[in-house]
């Protein structure tokens, strides 16, 4: 016959074995969840929303200040920015209907500051038929200026300029080129350079 002591030992061993199995299973599940969670967090979904033919207009004092068009816009919530393709940015200068038009291959709109970075084959069409070209430009919303640290070429009626940097003050309607500036005045067939 089996004694009560042997039955008690077997039951205790079964309880201890069951607890060890539950404990091991719990540890294994926790590690699996942690590894699964790390892989999910290490590669978060980069793209939050993608739009085709996006248009955004910034209003100030009830008037259009600037309008941003892009053939494609990809919003990244974690970074609070929108990646743009085929960008057209128009600044409305005053009541006369004059505008400053910028185009580029790519751009970035920063949601918090409303600053805009433009990259690739930038063309800036200014009032009175002037055109500036460069590779990068930055609109700084708080200062209301568009600037480029890249070499710039500006041409228009009777004038041809090159320089190392360019800045346009939107509120003052003024453009400035600096850094090793060379200029040519074009008067009919006569070209005067410096």
If I ask for residues that are in a strand (DSSP E or B), surrounded by fewer than 17 Cβ atoms within 10 Å (Cβ to Cβ) and touching a residue at least 24 places away in the same chain (Cβ under 8 Å), which ones from segment 104-123 would you list? 110
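Checking the structure you have, find out if any residue of segment 139-157 is assigned to a strand (DSSP E or B) and loosely packed, with under 13 Cβ neighbours inside 10 Å. Lay out the reasoning, then the answer.
Quick first cut of segment 139-157, residues assigned to a strand (DSSP E or B) only: 139-140, 145-148, 152-156.
Now drop any that are not loosely packed, with under 13 Cβ neighbours inside 10 Å, which leaves none.
Checked against the condition, which is being assigned to a strand (DSSP E or B) and loosely packed, with under 13 Cβ neighbours inside 10 Å, segment 139-157 yields no hits at all.
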Please list, ordered by first then second residue, the pairs with beta carbon atoms under 6 Å, 6 or more apart or interchain, first in segment 160-179 and on the phi > 0 side of the Ramachandran plot and in the same structural domain as residue 65 (by TED's automatic domain parsing), second modelled with pLDDT under 90 and surrounded by 14 or more Cβ atoms within 10 Å (Cβ to Cβ). 173/93
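Out of curiosity, is residue 60 farther than 16 Å from residue 137 by Cβ, assigned by TED's automatic domain parsing to the domain that holds residue 170 and under 12 Å from the mean Cα position of the chain (by Cα)? Steps first, please.
Details: farther than 16 Å from residue 137 by Cβ: yes; assigned by TED's automatic domain parsing to the domain that holds residue 170: yes; under 12 Å from the mean Cα position of the chain (by Cα): no.
Considered against the rule, which asks whether it is farther than 16 Å from residue 137 by Cβ, assigned by TED's automatic domain parsing to the domain that holds residue 170 and under 12 Å from the mean Cα position of the chain (by Cα), residue 60 comes out as no.
The values are calculated or read from the model by the stated rules, or taken from the named source; none is laboratory data. Remember, predicted model here, so these are calculated numbers, not experimental data. Methodologically, a virtual Cβ is constructed for each residue, glycine included, from the backbone with ideal geometry; neighbour enumeration extends over all protein chains shown.
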